[in-house]
Amino acid sequence: MSARVTAAAVAAVLAVAGCSSSATPSGGSDGAGTVVVATAGEPDTLNPVLNYGVDGGSLIFDGLVARDARNQIVPALARELPAVSADGRTVTAKLREGVLFHDGSPLTAQDVVFTYQAVLDPKVDSTLRSDLDMLASVVAPDPSTVVFTLKYAYAPFLQRLALGIVPAKAFAGQDVNKAEFNRKPVGTGPYRVTSWTPGDRLVLAANETYWGGRPANSGVVVAFVADDNVRAQRMRAGEFDAAELAPKLAAGFDGQGGYRVQRVPTADYRGVMLPMGNPVTGDPAVRRALTAAVDRRAMVTGVLGGAGEPAFGPVPPSSEFAEPSVVGAATADPAAATAILDAAGWKPGPDGIRVKAGRPAAFTLMYPASDSLRKELALAVTADAKKVGVKVTPEGLTWDAITPRMKTDALMMGYGTPYDPDFVSYKLFSSAFAGQGFFNPGSYRSAVVDNALQDGRDSTDPAARKAAYATFQKQLAADVPWVFLTYLQHTYVVKDTVAGVTPRVEPHEHDVANSLWWNVHTWTTKP
């Protein structure tokens with residue numbers, strides 16, 4: 001292990017180097033310098049209660065459990081996997097001894113209780129509350145024991161225990177939504193926060209007293225660079241040790257000395273969300289025609305540069321819950337799309353655009369302007385739709401401009417998880433969340449889907465769950481609230497001087513810590 005590099009030294013070096021890893025000191029031995037990584041997304045908060053480090057990806061905090069390189073849950077702050085009662089409704093966790101927060105205070109069961117109660121508190125603006133709607137109570141019978149009581153048996157509950165734990169005392173007399181902690185947090189994780197400059201970087205220093213052992217490097221800087229092309233330019237300029245890039249941009253580093261390209265399998269899909277409130281996309285015939293008209297294979301080959309596979313639903317092919325019957329043709333079937341539109345009364349107009357009852361088959365497809373991959377997918381959908389008489393107008397916007405329009409305009413979206421199928425899909429397709437921001441933004445409603453999703457989360461029987469999620473996927477394929485396009489491989493460029501990289505199957509949300517650098521505490525760099 002290296003000599004300690006202070007937070008002040010890390011910050012000073014970065015200020016001089018402009019975030020260049022090549023200029024950071026080694027801290028006294030080879031491989032112990034600061035690791036600099038770059039990503040597009042930036043969190044709104046650093047408080048797990050308010051949805052920072054979703055599903056446990058954090059670097060700053062630990063949950064009772066964590067995920068290993070195979071995404072299997074393993075003990076973290078819990079000294080062993082929590083025990084589940086025979087009826088599945090009581091879960092008991094015993095805490096690891098000697099764990100300290102970054103400020104030196106000890107972790108206790110009351111901190112765990114506070115964390116979960118804060119998520120459940122209706123006064124707290126936590127998007128995680130619905131993830132824990134099965135939780136009736138959480139108590140600490142002693143300083144090292146936490147007992148969760150569930151309203152009903154919920155099969156993947158242990159996975160929900162990856163939530164980062166916060167110190168209760170940090171919020172005494174404070175509004176969780178506005179607490180200073182949200183920008184200057186204190187956790188138990190391998191890194192502590194030195195500084196966060198919005199729109200620029202998050203600077204982390206190694207936690208010298210980490211219960212899991214001191215990190216192999218002196219710190220990590222996560223640079224926030226929204227524009228894909230700018231991120232690629234800065235990677236080529238040597239500013240980063242690793243960066244996530246769009247597939248085509250990453251491919252430009254193949255064969256380049258000093259770099260390697262990592263293509264990581266994911267459960268991260270891209271698709272067109274079709275709002276039910278739009279008179280064109282609300283027509284089931286238009287939706288079914290579009291899913292037949294798009295050429296998924298061409299998108300994988302052309303847009304993704306081969307770094308992905310066709311998508312036909314939200315449960316990835318790698319999942320034990322994937323339903324094979326929903327898989328369709330990877331290439332376009334314009335004849336089928338045309339037949340669907342003809343049968344539904346959408347007739348070709350003089351300009352080739354179909355018309356029904358005086359209304360043209362036309363709609364806007366929004367995408368985030370800084371995301372080059374979604375832009376290319378939007379253009380591909382536009383071209384494929386035009387071939388069957390549907391006019392799609394792609395429009396690149398900021399997220400602030402996109403958000404208020406999601407109930408009426410289509411959106412190129414991304415989601416997906418390699419964990420339990422209840423995660424993501426319950427919020428995204430249940431009618432209970434219709435129109436609630438990015439939860440079911442198109443206001444899709446189906447009683448069949450609602451019942452299947454509920455059955456999937458209520459049951460602990462694997463066979464019953466598999467049957468429920470099969471029903472869910474089949475109904476979704478029939479209704480087409482989304483046109484699923486591709487599953488991605490996340491593509492990263494890494495300097496050859498970096499050691500310790502261990503890819504694992506990634507979720508959609510992966511910016512700060514569910515990325516290639518999920519185990520960055522084991523990474524080392526050499527000059």
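With +1 assigned to the C-beta of every Lys and Arg and -1 to the C-beta of every Asp and Glu, and no other charges, what is the dipole magnitude of segment 376-431 about the Cα centre in debye, to the nearest 20? Don't jump to the answer; show the numbers that get you there.
On the way: 6 positive and 7 negative charges, 60 e Å.
Computed charge dipole of segment 376-431: roughly 280 debye.
Ordering 448, 394, 438 by Cα displacement along the dipole of segment 391-467 toward the positive end leaves 394 in first place; charges were set at the Cβ atoms of Lys, Arg (+1) and Asp, Glu (-1). Packing, taken as the mean count of other beta carbons within 10 Å per residue, orders the peptides 239-245, 175-181, 371-377 from highest to lowest as 239-245, 371-377, 175-181. Would you mind checking the tilt of helix 447-458 against the longest principal axis of the Cα atoms of the chain, expressed as 0 to 90 degrees and rounded to 10? Orientation of helix 447-458: about 20 degrees from the principal axis.
Toward the positive end of the charge dipole of the chain, with +1 on the Cβ of Lys and Arg and -1 on the Cβ of Asp and Glu, the farthest Cα among 281, 205, 304 is that of 281. Excluding same-chain residues fewer than 8 positions from residue 427, which lysines have a Cα within less than 24 Å of its Cα? The qualifying lysines are 123, 151, 407, 466, 474. Suppose R0 equals 45 Å. What FRET efficiency, 1/(1 + (r/R0)^6) with r the Cβ-Cβ distance, do residue 180 and residue 461 give to the nearest 0.05? In this case the efficiency is close to 0.45. Think of each Lys and Arg Cβ as +1 and each Asp and Glu Cβ as -1; about the Cα centre, that makes the dipole of segment 147-225 roughly 140 debye.
In whole percent, how big is the carbon plus sulfur part of the accessible area of segment 354-444, probe 1.4 Å, protein atoms only? Spell out each step's value before the answer.
Values: 1860 of 3390 Å².
Of the solvent-accessible surface of segment 354-444, carbon and sulfur hold 55 percent.
At full extension, residue 256 and residue 149 could sit 33.0 nm farther apart than now, given 0.36 nm per residue minus the alpha carbon distance.
For the chain, the 222 nm mean residue ellipticity estimated from helices alone, with every DSSP H stretch of n ≥ 4 adding -39500 (n - 2.57) and the total spread over all residues, rounds to -6500 deg cm²/dmol.
Working from Cα pairs under 8 Å separated by at least six residues, relative contact order for segment 204-363 is 16 percent. Here the chain is assigned +1 on the Cβ of each Lys and Arg and -1 on the Cβ of each Asp and Glu. Its dipole about the Cα centre then comes out at about 660 debye.
Kindly rank 324-335, 141-152 from highest to lowest mean number of other beta carbons found within 10 Å of each residue. Numbers along the way, then the final one.
On the way: 324-335: 14.4, 141-152: 16.1.
The densest-packed peptide leads the list: 141-152, 324-335.
When you count, for each residue, the other Cβ atoms within 10 Å and take the mean per peptide, how do 165-171, 502-508 rank with the highest first?
Working: 165-171: 21.0, 502-508: 19.3.
The packing order, highest mean first, is 165-171, 502-508.
Under the rule a/c < 1.5 gives rounded, and otherwise a/b versus b/c splits prolate from oblate, where does segment 458-508 land using the Cα gyration tensor? Since a/c reaches 1.5 but b/c is at least a/b, the shape of segment 458-508 is classed as oblate. Each of 104, 179, 51 was placed along the dipole of segment 48-182 (beta-carbon charges, centred on the mean Cα), and the one lying farthest toward the positive end is 51.
The angle between the Cα long axis of helix 372-386 and the main principal axis of the chain comes to about 10°, on a 0 to 90 degree scale.
The spacing between segment 223-257 and segment 50-83, judged by their C-alpha centroids, is 29 Å. Relative to one another, the C-alpha centroids of segment 421-468 and segment 304-341 are positioned 20 Å apart. Taking every protein chain into account, the accessible area of the chain amounts to 38 square angstrom per residue (probe 1.4 Å). Roll a 1.4 angstrom probe over the protein heavy atoms and tell me the percent of accessible area of segment 107-162 that is carbon or sulfur. Taking all protein chains in place, segment 107-162 shows 58 percent carbon and sulfur surface.
Kindly identify the chain as rounded, prolate or oblate by the Cα gyration tensor criterion: order the square roots of the eigenvalues as a ≥ b ≥ c, call it rounded if a/c is under 1.5, otherwise compare a/b with b/c, prolate if a/b is larger, else oblate. If you can, show how the numbers build up before the last one.
On the way: a/c = 2.11, a/b = 1.35, b/c = 1.56.
Oblate, because a/c is 1.5 or more while a/b does not exceed b/c.
Shape analysis of segment 363-507 places it in the oblate category; the axes a ≥ b ≥ c from the Cα gyration tensor give an a/c of at least 1.5, with a/b not above b/c. Remark: spin-label model distance residue 318-residue 353 equals 4.1 nm, labels positioned 7 Å along the Cα→Cβ axis.
The values are calculated or read from the model by the stated rules, or taken from the named source; none is laboratory data. Just so it is clear, the structure is predicted and the values come from calculations on it, not from any experiment. No Cβ is skipped: glycine too gets one built from the backbone with ideal geometry, and neighbour counts run over all protein chains shown. Ligands, DNA and RNA are excluded from the accessible area calculation, which covers all protein heavy atoms including side chains. Shrake-Rupley method; radii C 1.70, N 1.55, O 1.52, S 1.80 Å.
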